[in-house]
Each structure stands twice: as structure tokens, then as C-alpha cells.
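Accompanying notes for the structure given below.
Read the figures in this text as sums done on the coordinates, not as results from a lab. Predicted model, so just to flag it, every value in this text is computed and none were measured. For neighbour counting, all protein chains shown are included, and Cβ atoms are generated from backbone atoms with ideal geometry for every residue, glycine included.
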Amino acid sequence: GDLHFTDVTEQANVGDNSYGMAACCCDYDRDGDIDLFVSNVGADVLYRNRGDGTFENVTTSANLGDPGLAASAAFIDLDGDRFPELYVTHYVLWSPEKELKCGSGSGQDYCSPNNYRAPAPDLLYRNRTDGSFENISQQAGIRAAYGNGLGVIGADLDQDGKPDLYVANDGSPNQWWRNLGNLRFAEMAVTSGCAVNLNGISEAGMGVQATDVDEDGDLDLFVTHIRNETNTWYRNDGGVFTDATILTGMAAVSRDSTGFGMGYQDFDHDGVLDLYVANGKVLRVRNLTNGEDPYAEQDHLFRGLGGARFHEVQPRGGLQSAPSYTGRGIAFGDLDNDGDRDLVVINSNGPAMILINEAKKKGSSVTLDLVDRDGIFAEGEDLEIHLGDRLLHRRATRFYSYCSSNDPRIHVGLGSSKQIDMIEVRWPDGSSSEHGPFPAGSFGRIEQPN
């Protein structure tokens, strides 16, 4: 509780020594505690929480453990039975025997996926509700298109009441898997405008989030990309998307960096979402002095101005020292439970950074837990938040950013408002309920009615 942490990996039995990629936290078996899925370069691992501070490796009995090169993963209840399915992105068809040696003018370097020319199909697992999963990738339709998968989210992009899937691919078109019901999906990104950028070019997708940034009632998409590409904002207009990045004020700034993890949060409680992006190169730079990280970059913090417009905060990353590391994943949450959002940045070949929010606040906030009718911490709910004359839309989810799991509590900065007047919750089973008011500074709990 005092922001000191103890390494209990060995005692907790979660010390898998594979080449780890993503950490996904979710109560997949609905027994009331949070389990852990780790994607790897090699066999993935599922740990079931025993409820006593220790975990059991149940990968084999759960029918998981695919040996491919996985990246981000997400648990999403796609069929409305309250047991979440598991989607795992895959990057390239790789094995140690197929490892290539790639280089640049600065020496040995990371290989582009184009060097392999072997994108790997993603995997979708149905939750059987008995602690095991079934690979339904083929019958679900997601084998119809795939690229070099790195990021994935679940979100209702067309507002039909069913969560869809959106996959960010590295150098190949992204996919929007529209949920047709009965665990069947159709690819819609190409025809709806969110597969490639404004110029019709595939970009190097890494991190991704779906958020109603322009407050028009539907979820927009934001995808981070490599240096010399913009991070891209796809504005959602009723299920049709437009690359409107140029309108955000972030296009030119993002071209100078390679973005990975990211997230929209209201850091200063002015009622407008801000944005943090972790940066880190994938191509070496020349003429470094001894000891410098050839992939290091400063992170970006953008202050939200309203209307989906942003301004970069200086010093970069919101830190007085503005350090440079090779940023990859970011997890967002209220680490000290003081009512604002903090973050943890994972850096490749560098220290993790715990960033505690000390921003000057322009208002108060409300933080909310959501619990379903079985008393299980709920995920996948869509919320309409009535804040004065504004209507905000939020989604309860752990899974956005890049290879990360986040605090799923709903956090709302109030700006000049003294309370949230009312919240309408649309639950994954199709029911809805109204709750409130919630006064400024409160930590509330919303329970699904019986």
C-alpha cells in the first residue's frame, strides 16, 4: 500500500522462464480471483489463481500453450455467457532454426517482418466454462485474413450490442472482426476505412485503444506506429472510419518516434482525456557514445484540449528529467488509490518506470468498480455517463495499450462539475441499468441488478 513492491515470483509459482511478451490478467474461470495468461515467443502459459497468493500452471489442461511467436492478447466475452474468450495475436511464422541475421548501417539490428515474409495467423479460443478452451479460429472466420499481429482490443465498434475485435498489424492491413453472433466474425476494416491510413498505406501497428475521444457517442480507434509514420486516429462515424489524424495536432510530433504502449486517461481531471505514449526505436541509430541505448526515445504526453485535439506537454513524458528508454508496454491504474491515474512503463533492456500522477488538478474525479449479478468483478460493460450537459462514453476493460493489462475501474475526471448525475450501464448479457448520482471524490461500486 506504500508503493513498495516485493518480488514473489518464486513463491507464487509464476516464474516461467520463456521469452515473455504480454501479461493478461482476467478471472477467466469466474471464481472471484484474477488469473494470469502470459504470451511468449514459444509456448504460452496460463496460471490459475488458487486464491491464496499462489498460482497453478494449468496450460495443458486448459488446451493452451501454442508454440508460435505471440504478442498481445486479450480476454473478451464474445458470446454473452459471461465467460471470456481469449484472442492471441501472432507475429510471424518463426522458429530458432528460421532466425535471420539482420543489420543496418549501425550494426546488427531487429529484423523487419518483411524479412520473413511469413505473417502468422492469430488464434481465438472459446471459453468452455469448465476451465478449458477450444481453438475456434477456423470456424470463427478469423483465418480469412491476417497479418503481423501485435495489438488487439475488444470493443463494440458498430454499436450493435456485441463486442467486436480489432487487430493492429505491423506493416500489413489491420483487421476489424465484426461480431456476427454465435462466435462468427466478418472482416470489415478494409471496407470501413480502418485497415490502412489516409493514403491507403499499411502502417506498422503496435498499440491500440478504442475510446470516444470526440464525444460523439461511438468508439474511435488510435494505433501507434513506427518512426516516419504518424500514430493514427481513426474517427468513427457510425461504423465508418476516417483517418483524421491531422486534426488531432499530434501527427507531426509522432513522426519523430516509434510508439508502442499508449492510453487515453484524464490525468488532470479537467474532464478531457489526455494521452500517454511509450516510445522506443526498432532500428539502431549511428554515432552513439559508449553506454547509450541505441533504441532509446523519450515518451510523449499530450494534454487533451477537447474536440479530439491535443497539445504536447513539455518536458517530454511529463517528467522534469525527460529520460530516454526503449519503451514498450504501459499499464494504467490508480496505484496509490488517491483518485487519479498513474502508470507503469515497461522498457526493453532498461528499468521499469512507475510514474505517480502529480499533475495539478483542475477538478475532482469519480472512480467506480463494476460487479455483475454473481458478485464477479465485471468487464466489457459500456457506460453512458451524464456529466452536466455532456454525455461521455466509457468501456470497462483491462485490455488496450500494447502487451499490457490495465486497471479496469472506471475513472472520470469531472472538470467543473460537482458530481456524475447518472450512469447507464449496458451489461454484456444485453441488460441495462441506471445508477447515480456519484459525488466528486467518491469511490463507488455499481452492481448489476438481479
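Given +1 on the Cβ of Lys and Arg, -1 on the Cβ of Asp and Glu, and no further charges, what dipole in debye does the chain carry about its Cα centre, rounded to the nearest 20? Don't skip to the end; give the middle numbers.
On the way: 36 positive and 69 negative charges, 279 e Å.
Result for the chain is approximately 1340 debye, rounded to the nearest 20.
Starting from the Cα-Cα distance between His311 and Arg445, subtract it from 0.36 nm times their residue separation and give me the gain in nm to one decimal.
44.9 nm
With the chain treated as a Gaussian network of Cα nodes joined by springs under 10 Å, which of Arg316, Arg409, Arg373 yields the largest mean-square fluctuation?
Judging by the Gaussian network model, the answer is Arg373.
Could you list the square roots of 5 times each eigenvalue of the Cα gyration tensor of the range 51-189, that is, the equivalent ellipsoid semi-axes, sorted largest first and rounded to whole Å?
29, 21, 12
Only Lys, Arg, Asp and Glu count, each charged at its Cβ (+1, +1, -1, -1), so figure out the dipole size of the range 367-430 about its Cα centre, rounded to 20 debye.
Here the size comes out at about 260 debye.
Note the direction-averaged projected area, equal to a quarter of the hull surface, for the Cα convex hull of the chain, in nm².
The orientation-averaged projected area of the Cα hull of the chain comes to 20.8 nm².
So which residue, out of Gly436, Gly131, Gly15, gets the largest mean-square fluctuation from a GNM of the chain using Cα contacts under 10 Å as springs?
Answer for the Gaussian network model of the chain: Gly15.
If you scale each eigenvalue of the Cα gyration tensor by 5 and take the root, what three semi-axes come out for the range 2-101, rounded to whole angstrom and sorted largest first?
24, 19, 12
Which residue, Gly249, Gly149, Gly271, tops the fluctuation ranking in a GNM of the chain built on C-alpha contacts under 10 Å?
In this elastic network of the chain, the residue with the biggest mean-square fluctuation among Gly249, Gly149, Gly271 is Gly249.
What is the spin-label model distance, in nm, from Ser104 to Asp369 if the labels are put 7 Å beyond Cα along the C-beta direction?
4.7
If eta is 0.890 mPa s and T is 25 °C, what Stokes-Einstein diffusion coefficient results for the range 282-391, Kirkwood Rh from Cα pairs, in µm²/s?
141
Say R0 is 22 Å: what FRET efficiency, to the nearest 0.05, do Ile34 and Glu358 get from their beta-carbon distance?
With a Förster radius of 22 Å, E is 0.20.
Helix-derived [θ] at 222 nm for the chain: sum -39500 (n - 2.57) over DSSP H runs of at least 4, divide by residue count, nearest 500? Could the numbers behind the result be given before it?
Working: 5 runs with 20 residues, N = 450.
Result for the chain, helices only: -500 deg cm²/dmol.
With the calculation restricted to Cα positions, what are the radius of gyration and Dmax of the range 336-450 in angstrom?
Expressed in Å, the Cα Rg and Dmax of the range 336-450 come to 15.4, 49.
Would you please state the base-10 log of I(q)/I(0) at q = 0.15 1/Å for the range 142-184, with intensities from the Debye formula using one equal scatterer on every alpha carbon?
Listed by q, the Debye log ratios stand at -0.36.
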